[in-house]
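Enquirer: Got a structure for you, written out below as structure tokens; questions coming shortly.
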Amino acid sequence: MQHNFLAPHQAVAPLAIDYQHGDSEPAHSHSCSQLIHTLSGVVEVHTALGTWMVPPGRGVWLPAHVEHSLRFIGGVEARTLFVEPLARADLPAQCQVVQISPLLRELILTSLTIPVDYLPGGRDERIMELLLDELRLLPSLPLHLPEPKEPELLALTQQIRADLCSSWELEDVAQRMEISSRTLSRRFQRETGLRFSDWVRQAKLLEALNQLAAGVSVIDVALALGYDSPSAFSAMFRRLLGVSPSEYFNQTN
């Protein structure tokens, strides 16, 4: 199913909508591009290319015609922009989780107060034009989990995501699959763009964000993901995202 939220000659259409924990949207696409910015809660985005996890205060960019489904964790306050793909020649061309600057956040919130039929040449038009300029500069965040297309590797990644508490060492997995670790490593990186160990670590990080947003304690998340201690889990989290789990969810930008 494809939706279009833009009126004729409209370059940006803002929308504010809140979701309850556990809400979801089935697979759909838009004829326009979309930025979903979360003020609270976490959004899990699924496409044919993988999964993106959007923590509070961040955003996800979805180009036009990309089919996606959404799942909402925690109470999610979403502020969405539907954007004409040709409004700027260099808008992002790929799905990505993005940092939202303080300026962009305020522009998004202000755009919600601007009428659809605003007059050209005034403050409202300048705000919308600046908003489009800021969308060209979205910094990407490493919160994507690519899915392989090869059936055997896809089955493997589904097993990993269903049992993240296990260690999933490359050599052990290769032995179970009756191939060499070098062959598995090469096939996995070709399919996903990530080393096997990095993919497992990324899967654990995204699940951690999911559980933390739902209110699970750091110690329980660490144990559920197979870490020996909360400090080991926090060290991984800090290494990948630059701050501790508690600091990350307290950040607003």
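The values are calculated or read from the model by the stated rules, or taken from the named source; none is laboratory data. What you are looking at is a predicted structure, and each value in this text was computed from that prediction instead of being measured. A quick note on method: Cβ atoms are made from the backbone with ideal geometry, for glycine too, and the neighbour counts reach across all protein chains shown. Side chains included, ligands, DNA and RNA excluded: accessible areas come from the protein's heavy atoms. Shrake-Rupley method; radii C 1.70, N 1.55, O 1.52, S 1.80 Å.
Enquirer: When the chain is modelled as a GNM with alpha-carbon springs shorter than 10 Å, which of 110, 183, 51 fluctuates the most?
Expert: Top of the fluctuation ranking is 183.
Enquirer: If you don't mind, another one. Which ³J(HN,Hα) values, rounded to whole Hz and listed in residue order, are derived for region 137-147 from phi using the Karplus coefficients 6.51, -1.76 and 1.60 in 6.51 cos²θ - 1.76 cosθ + 1.60 with θ = phi - 60°, glycine and proline given as x?
Expert: Working through the residues one at a time gives 10, 5, x, 7, 10, x, 10, 10, 10, x, 9 Hz.
Enquirer: Sort all Cα-Cα distances of region 140-253 into consecutive 5 angstrom bins from zero, then give the percent of pairs in each bin up to the one containing the longest distance.
Expert: 2, 11, 21, 24, 16, 13, 8, 3, 1, 0
Enquirer: How much length is gained if the chain between residue 235 and residue 164 is pulled fully straight, taking 0.36 nm per residue apart and subtracting their Cα-Cα distance, in nm to one decimal?
Expert: 23.8 nm
Enquirer: From the helices alone, meaning DSSP H stretches of at least four residues, give me the mean residue ellipticity at 222 nm for the chain, per-run term -39500 (n - 2.57), in deg cm²/dmol to the nearest 500.
Expert: Only helices count here, giving -11500 deg cm²/dmol.
Enquirer: Could you give the Stokes-Einstein D for region 212-252 in µm² per second, using the C-alpha Kirkwood radius, 37 °C, 0.692 mPa s?
Expert: 319
Enquirer: If only Cα atoms are counted, what is the Rg of region 69-111, and what is its Dmax, in Å?
Expert: 12.6, 36
Enquirer: When the accessible area of the chain is computed with all protein chains present and a 1.4 Å probe, what percentage of it is carbon and sulfur?
Expert: 52
Enquirer: Could I ask something else about it? Which three extents, in angstrom, do the Cα atoms of region 3-55 have along their principal axes, listed largest first?
Expert: Cα spread of region 3-55 along its principal axes, largest to smallest: 34, 26, 16 Å.
Enquirer: Please sort by residue number the GluC sites (Glu not before Pro) in region 99-169 whose DSSP state is loop and whose Cβ has at most 14 other Cβ atoms within 10 Å.
Expert: Taking region 99-169 and a limit of 14 other Cβ atoms within 10 Å, the loop GluC sites (Glu not before Pro) found are 169.
Enquirer: Next question. So what is the accessible area of region 107-158 per residue, in Å², with the probe set to 1.4 Å?
Expert: Averaged over the residues of region 107-158, the accessible area is 55 Å².
Enquirer: Let me ask another. With θ taken as phi - 60° and the coefficients 6.51, -1.76 and 1.60, list the Karplus ³J(HN,Hα) couplings across region 35-51 in order, rounded to whole Hz; mark glycine and proline as x.
Expert: Here the 3J(HN,Hα) series is 10, 9, 10, 9, 7, 8, x, 10, 10, 9, 10, 10, 9, 5, 8, x, 10 Hz.
Enquirer: Using each residue's phi in region 163-175, evaluate 6.51 cos²θ - 1.76 cosθ + 1.60 at θ = phi - 60° and report the 3J(HN,Hα) Karplus result to the nearest Hz, with x for Gly and Pro.
Expert: Result, rounded to whole Hz: 8, 6, 6, 6, 6, 6, 7, 4, 5, 5, 5, 4, 5.
Enquirer: Right, here's the next one. How big is D, in µm² s⁻¹, for the chain by Stokes-Einstein at 20 °C and 1.002 mPa s if Rh is the Kirkwood radius over C-alpha pairs?
Expert: For these conditions, the coefficient is 110 µm²/s.
Enquirer: Follow-up question, since we're still on this one. For region 121-163, what ratio Rg/Rh do Cα atoms give with a Kirkwood hydrodynamic radius?
Expert: Working: Rg = 20.4 Å, Rh = 14.2 Å.
Radius of gyration over Kirkwood radius for region 121-163 works out to 1.44.
Enquirer: Let me ask something else. Simple spin-label model, 7 Å along Cα-to-Cβ: residue 114 to residue 178 in nm?
Expert: Taking the simple label geometry, residue 114 and residue 178 are separated by 6.2 nm.
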